[in-house]
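Asks: Starting off with a structure, shown below.
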Amino acid sequence: MDAAQAAGTGEGMDGQVTVLVASVEIPAHTLNATPFVARLVENGHRVLWYCDPAFHARARRHGAQPISPSRPAPSAVRFDGLADIRSAFETAFVGEAARRCGDLRAVIEAEGVDVLLTDSLAFGAGMAAEACGIPWVSFGDGPLHYAERDTPPFGSGLPYVTGWPWDLRNLVVTGATRLVFARAARRLSRARQGCGLPPGRGSVLTANLSPMLHLQGATSGFEYPRRHLPAHVRWVGALRPVDGSWSPPAAWRDRPERPVVLVSQGTIRDDVTELLAPTLVGLADLDVTVLATSGSASVEALARACGGSVPDNAVVVPFAPYDAVLAEADVFVTNGGYTGVTLALAHGVPLVHAGVTEEKADIGARVRYSGTGVVLRTTRPTPADVRGAVTRVLGDSPERAAAHRIAEQMRAHDAGRDGAALIAHLGLTRTIPAL
């Protein structure tokens, strides 16, 4: 019995496992693994983390041993439209599957890995686990990709409507989606062949979702009804990234007693004229405090976009941990990233959703379906658009009541606790507990 086989049985582990985490080279997807990593380490498991070198210090801070990819992933990946998404799948995601598979197979064989954990975009990670014969787990920090007849396919941003002719609509759009990702699918098939694996089955969009255990970072109330959801999909609630390194400025600590509006464009969009400036300008004369996270953009750039200065009721910081500030927020104005949206709902905070790039149109469709916010259906809303939406959801609005319903569902979950237990159980027994 070789080292990988011995580790896979849990032999000599005394209930502890070695977990290999694989992250795609996108900061948010790496950060979203931290709830699982932190709890696995806390529970005494050994965690190896294959991630971009820029994240190594943070991996060590969480108790994981970082491992670098053999070469950097393609840079300057864009997500502004369907053509960009198709290109990203072909290059940065599926295009790196063979490299990731080779890298991770070497780690699995050298380190006696029991179980692998990956995000949904690190293609090649599941292939490595498959090739080495160890179990693997995926986690979802975006809309569910599993297709059903009455569910709009990923990437369409279409609303959920059942019956004729909507089922036909979904069938047609699903066929078109397959054509869009056909080259990525062919490239993935070649990568699997090169790694000694048989051709994959199903859509390329679900190829890096584990058939053994998938941890979805939400609750069923924020997803469309699913009649045929696989039994290995487990809802774990919002992913709460473990990172408390934030010193709030005095302007935030000493703010007056009034409603708080958080606004963010996420980590990969730095054009402040898209959402940040329209929000600050639109809410400048409302009796609210606006906390804006500028990300990689400068405060000076935001001030210029606001007409020369930041409004008096606004506080601008480069970064603020969502989980901390949403606990004090009344409304979240967002370009629609899944982690921010689900964290807001975990706190019962209603949404103003503005974003149609990447997967954000699909997330916006779920905000509409769940009734948890106002969806502006544009990346560049006007100040009047934002003001009207924020005014609508402030106070005792239907959107706030819907957000509170989701928050009640979220309280039954702890993604780090529940996910870590399931991962370790799969690593030790190669099974997951029945629901």
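The values are calculated or read from the model by the stated rules, or taken from the named source; none is laboratory data. These figures come from a predicted structure and were not determined experimentally. Note that each Cβ is placed from the backbone with ideal geometry, even for glycine, and that neighbours are counted across all protein chains shown. When the accessible area is computed, the model is the full protein with side chains, heavy atoms only, and any ligands, DNA or RNA have been set aside. Shrake-Rupley method; radii C 1.70, N 1.55, O 1.52, S 1.80 Å.
Asks: Once the cut-off is 15 Å, how many percent of the Cα-Cα pairs in segment 324-393 end up in the long-distance tail? All intermediate terms of the calculation are to be shown ahead of the outcome.
Replies: Values: 1082 of 2415 pairs.
Summing the P(r) tail past 15 Å for segment 324-393 gives 45 percent.
Asks: Let me ask you something else. For the chain, what % of the accessible area comes from carbon and sulfur atoms, probe 1.4 Å?
Replies: On the way: 9450 of 17740 Å².
The C+S portion of the solvent-accessible surface of the chain is 53 percent.
Asks: Using packing as a proxy for protection, rank 296-302, 42-48 so that the peptide with the highest average count of other Cβ atoms within 10 Å comes first.
Replies: Numbers: 296-302: 15.4, 42-48: 18.1.
Ranking, from highest mean packing down: 42-48, 296-302.
Asks: Taking 7 Å along the Cα-to-C-beta vector as the label spot, tell me the residue 61-residue 212 distance in nanometres, rounded to one decimal.
Replies: If labels sit at residue 61 and residue 212, their model points lie 3.1 nm apart.
Asks: Using Cα centres only, tell me the gap between segment 298-346 and segment 113-160 in whole Å.
Replies: When both Cα centres are located, 30 Å separates them.
Asks: Expressed in nm², what is the orientationally averaged projection area of the convex hull enclosing the Cα positions of segment 242-397?
Replies: On the way: hull surface 33.2 nm².
Directional mean of the projected Cα hull area for segment 242-397 stands at 8.3 nm².
Asks: Within the set of other residues whose C-beta is less than 15 Å from the C-beta of residue 71, count the net charge using Lys and Arg as +1 and Asp and Glu as -1. Show your work: numbers first, answer last.
Replies: On the way: positive: 99, 100; negative: 25, 52, 96, 103.
Surrounding charge for residue 71 is -2.
Asks: Roll a 1.4 Å probe over the protein chains and send me the accessible area per residue for segment 27-66 in Å². Don't jump to the answer; show the numbers that get you there.
Replies: Working: 1610 Å² over 40 residues.
Dividing the accessible area of segment 27-66 by its residue count gives 40 Å².
Asks: Starting from the Cα of residue 183, step 7 Å along the direction of its Cβ; do the same at residue 83; then give the gap between the two resulting points in nm.
Replies: Those two pseudo-labels are separated by 1.1 nm.
Asks: Which order do peptides 161-167, 330-336, 403-409 fall in by mean Cβ count within 10 Å, highest first?
Replies: Numbers: 161-167: 11.4, 330-336: 27.4, 403-409: 19.0.
Highest to lowest by the protection proxy: 330-336, 403-409, 161-167.
Asks: Could you state the accessible area per residue of segment 291-435 in Å², with a 1.4 Å probe and every protein chain left in place?
Replies: 39 Å²
Asks: Something else: Where only protein heavy atoms count, and the probe is 1.4 Å, what is the accessible area per residue for segment 91-195 in Å²? Display every interim value, and only then the final one.
Replies: On the way: 3910 Å² over 105 residues.
Accessible area per residue: 37 Å².
Asks: For residue 115, enumerate residues with amide H under 5 Å from its amide H, sequence gap 5+ or separate chain, H modeled in the peptide plane.
Replies: Here 18, 20 satisfy the definition.
Asks: Also: Could you work out the relative contact order of the chain, using alpha carbon pairs under 8 angstrom and six or more residues apart, expressed as a whole percent? Numbers along the way, then the final one.
Replies: On the way: 892 pairs, mean separation 77.0, N = 435.
Once normalised by length, the contact order is 18 percent.
Asks: For segment 394-411, just list the computed ³J(HN,Hα) in residue order, Karplus coefficients 6.51, -1.76 and 1.60, θ = phi - 60°, integers in Hz, with x standing in for Gly and Pro.
Replies: In residue order, the calculated couplings are 5, x, 8, 8, x, 5, 5, 4, 5, 4, 5, 5, 5, 4, 4, 5, 4, 5 Hz.
Asks: Tell me which residues come under 5 Å, amide H to amide H, from residue 373 once H is placed; ignore anything under 5 positions away on its chain.
Replies: It is 351, by chain and number.
Asks: Quick one, can you get me the convex hull of the C-alpha atoms of segment 279-329 expressed as volume per residue in Å³? Before the final figure, lay out each step's value.
Replies: On the way: hull volume 3.5 nm³, N = 51.
Convex hull volume per residue, Cα atoms: 69 Å³.
Asks: Let me know the Rg and Dmax you get for segment 180-296 when you use only its Cα atoms, in Å.
Replies: Computed over the Cα atoms of segment 180-296, radius of gyration and Dmax are 21.9, 63 Å.
Asks: Between residue 235 and residues 5 or more places away or on another chain, which pairs have amide H atoms under 5 Å apart, with H built 1.01 Å from N, and which residues are they?
Replies: Excluding prolines and chain starts, which carry no amide H, the hits are 216.
Asks: Give the span of the chain's Cα atoms along each principal axis, as three whole-Å numbers ordered largest to smallest.
Replies: Dimensions of the chain along the principal axes of its Cα atoms: 70, 52, 40 Å.
Asks: Expressed as a whole percent, how much of the Cα-Cα distance distribution for segment 82-135 exceeds 18 Å?
Replies: On the way: 459 of 1431 pairs.
Of all Cα-Cα pairs in segment 82-135, 32 percent lie more than 18 Å apart.
Asks: Using the Cβ atoms and a cut-off under 11 Å, what net charge is assigned to the surroundings of residue 228, where Lys and Arg are +1 and Asp and Glu are -1?
Replies: Net charge around residue 228: +1.
Asks: Quick check on segment 195-238: what does the Kirkwood estimate of hydrodynamic radius come out to from the alpha carbon pairs, in Å? Kindly include the intermediate steps, with their values, before the conclusion.
Replies: On the way: mean 1/r = 0.0819 Å⁻¹.
Here the Kirkwood hydrodynamic radius works out to 12.2 Å.
Asks: Oh, and also: Residue by residue, what Karplus-based ³J(HN,Hα) values in Hz, rounded to whole numbers, does segment 180-187 have, using 6.51, -1.76 and 1.60 with θ = phi - 60° and x for Gly and Pro?
Replies: Per residue, the Karplus-derived 3J(HN,Hα) values read 4, 9, 5, 5, 5, 5, 5, 5 Hz.
Asks: Show me, for segment 250-265, the HN-Hα J-couplings you get by feeding each phi into the Karplus relation (A = 6.51, B = -1.76, C = 1.60, θ = phi - 60°), rounded to Hz, glycine and proline as x.
Replies: Each residue of segment 250-265 in turn: 4, 4, 7, 5, 9, 5, x, 6, 6, x, 10, 10, 9, 10, 8, 9 Hz.
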